[in-house]
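To start, the structure itself, in structure tokens.
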Amino acid sequence: MPRDRGISRRLKAFVLKPNPQRTIRNPLLLVILNYRMNPVADKTKTDPCISRLRCIGCGAIVDHADQDFRCSNCGDLFEIFYPGWTGSAGTRVAEHDAASLKKSWLERKSSFLPADTSGVWRFREMLPTLNPGHKPITLREGNTPLHELPGCARAAGVDTLLAKHQGMNPTASFKDTGMTTAASFARQEGFHWVACASTGNTSASMAAYAARGGMRSLVLIPEGKISWGKLSQSLDFGAVTCQLRTDFDGCVKVLNEVVKRMPVYLLNSVNPYRLEGQKTAAIELLEQLAWQTPDHMIVPGGNLGNSSALGKALLEMRDLGLIARLPKLSVIQAEGANPFVRSIREHGGKTLTPVQADTFATAIRIGNPASWKKALRVIEATAGTVEQVSEIEIASAKAEIGADGVGCEPASAVTLAGLKKLVRQGFVKPGESTVLILTGHGLKDPEFTLKFHRGDLFAGTRDEEDARVLAAQQHAPIVLNANVDAVIHTLKQFDRADSSR
Ligand code: F0G
């Protein structure tokens, strides 16, 4: 049965009763020393990593949430915050501490402790702490590469372009960075079952981390609307996989009722422990950039957990003095799954009207995004924007990323498609630095890629005619007899075409 959610009773007592001993000058420094000895820190009274839950709607502060992770006062979502970070006078942590943190995080790269080899737990001063005796469930997530995309930069009309490839995580999507934290807290709280509704990546990730952590997992996915690669992962990792005859939003509705009636721990991105892990991708990115803030970050938008998480990290890093300024974080949606874009354009972000979502980028086929208010705050705080892109623009951008030697799934390619539009609009200037967040690996959805290159991705759709523009990017496989001359003839044909360019 579930026990306490959030911090332990001992901690609650501490947080609720002000303690004069908490006024330390450099609290983060103290924690660094503590962590050097213990991968999972002891929660002492001076621990600035003590976290609490704050409702983003009414501001209510609690130490544990209900099963659905929604505020019982107003129904809004919770976010995790760290009262110890600001100190009693509301002061920011000093520069000196920021430098020590950066040094400590780098030092951990040469450590072999499981928590140090994780690209999430390496940044554990920025995360809620597990109770003593509880180890993180880790698959060495994070540690993802930052690639230059010269061809894509040219296509977008910018001088340089970088992509942080979150598809290089253990289950091949960014979900792993949040799953390691949330699954670890699920296990700490004694849950036997974890569950999620998913368009395929959350389920693949959850199934893996549940298996590693010795928990059962329940997956609700829309029947026939997720890629085979993702479905196969969930089966491989032993999840109880239910294909519901509905869409993603329908799966979410069913699961919300299930978690109210059964002792099941919800691992969708409404779970704030997921977002805390996911935010470390932004910290790792800034470390890779030697703490020099890029001008823009561009993120795909589905349920809007990832943009919320990355934005939270940016704001926290700014507040802790780890970075001097914020990048503009912009969110890109598919035209057929664009409730957030419409919310901002048509209602100034005041309300969000769910849409019936439809896009080939199945990962973001989401009509009623749970975290839209959190994402809106990020857009506003970072002066970012939103944009939507067509199916043809997504397919073309995915092929351009592929042509730079980097595979990604269609949902990730909306970032490049969106960047091109933002450059044309003048929102991104050619000389500005931009980082695309690629969220999933190219092998997640090979069917899309095969159909694209064979030229039948858009067959029978209303885009069939317009999709002819994609022909130059398509490389269909060539079937030949097992004959040397036939192969050499083919090679020469391509050679001639290359030299006449
Ligand atoms: N990119 C990929 C590859 C995804 O799988 C998702 C979401 C997103 C982008 C959008 O991220 O929801 O945080 O805005 N996939 C979820 C899933 C919904 O169930 O796998 P978001």
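In deg cm²/dmol, rounded to 500, what helix-only [θ] at 222 nm does the chain give when every DSSP H run of at least 4 residues adds -39500 (n - 2.57) and the total is split over its residues?
Computed ellipticity for the chain at 222 nm equals -12000 deg cm²/dmol.
Can you tell me how much longer the chain between Leu235 and Ser72 gets when fully stretched, taken as 0.36 nm per residue apart minus their C-alpha distance, in nm with one decimal?
In short, 55.2 nm is gained.
What does region 394-464 give for Rg and for Dmax, in Å, if only its C-alpha atoms count?
Taking only Cα atoms of region 394-464, I get Rg and Dmax of 13.4, 41 Å.
At 0.36 nm per residue, and after removing the present C-alpha to C-alpha distance, how many nm does the segment from Arg501 to Ala486 gain when stretched out fully?
That works out to 3.1 nm of additional length.
For the chain, what is the percent of antiparallel DSSP beta bridges, rounded to the nearest 5?
30 percent
Does anyone have the angle between helix 27-37 and the longest principal axis of the chain? Alpha-carbon axes, 0 to 90°, nearest 10?
80 degrees
Quick check: with the 1.4 Å probe, what order do Asp249, Asp319 take by accessible area, largest first?
Asp319, Asp249
Calculate, for region 337-422, the solvent-accessible area per residue in square angstrom, rolling a 1.4 angstrom probe over the heavy atoms of the protein chains.
Per residue, region 337-422 has an accessible area of 32 Å².
Using a Förster distance of 56 Å, how high is the FRET efficiency between Arg261 and Lys102, based on the Cβ-Cβ distance and rounded to 0.05?
Approximately 0.75, to the nearest 0.05.
What whole-number distance in Å separates the alpha-carbon centres of region 360-425 and region 233-275?
24 Å
Quote the Stokes-Einstein diffusion coefficient, in whole µm² s⁻¹, for the chain, based on the Kirkwood radius over alpha carbon pairs, a temperature of 10 °C and a viscosity of 1.306 mPa s.
68 µm²/s
Calculate log10 I(q)/I(0) of region 418-501 for q = 0.24 Å⁻¹, where I(q) comes from the Debye formula with a single equal point scatterer on each Cα and nothing for solvent.
Relative scattering, expressed as log10 I(q)/I(0), comes to -1.11.
How large is the accessible surface per residue of region 163-231, computed with a 1.4 Å probe and reported in Å² as a whole number?
Value for region 163-231: 23 Å² per residue.
With an 8 Å cut-off on Cα pairs and a minimum separation of 6 or more residues, tell me the relative contact order of the chain in percent.
14 percent
With +1 assigned to the C-beta of every Lys and Arg and -1 to the C-beta of every Asp and Glu, and no other charges, what is the dipole magnitude of the chain about the Cα centre in debye, to the nearest 20?
The dipole of the chain has a size of about 1760 debye.
At what distance in nm do the modelled label points of Ala324 and Ala472 sit from each other, each positioned 7 Å from its Cα along Cα→Cβ?
Roughly 4.1 nm, to one decimal.
Accessible area of region 257-381 with a 1.4 Å probe: how many percent of it is carbon plus sulfur?
50 percent
Under 17 Å from a point placed 7 Å out from the Cα of Asp159 along the Cα-to-Cβ direction: which residues of region 418-442 have their backbone N that close?
Of the residues in region 418-442, 423, 427-435 have backbone N under 17 Å from the label point off Asp159.
Which entries in Lys374/Lys444; Lys135/Lys175; Lys109/Lys230; Lys279/Lys398; Lys279/Lys421; Lys164/Lys312 show an alpha-carbon gap greater than 21 Å?
Lys374/Lys444; Lys109/Lys230; Lys279/Lys398; Lys279/Lys421
The values are calculated or read from the model by the stated rules, or taken from the named source; none is laboratory data. Since the structure is predicted, the reported quantities are computational estimates derived from the model, not experimental observations. All Cβ positions, even for glycine, are placed from backbone atoms using ideal geometry, and neighbour counts span all protein chains on display. Note: accessible area is taken over every heavy atom of the protein model, side chains too, but ligands, DNA and RNA are not part of it. Shrake-Rupley method; radii C 1.70, N 1.55, O 1.52, S 1.80 Å.
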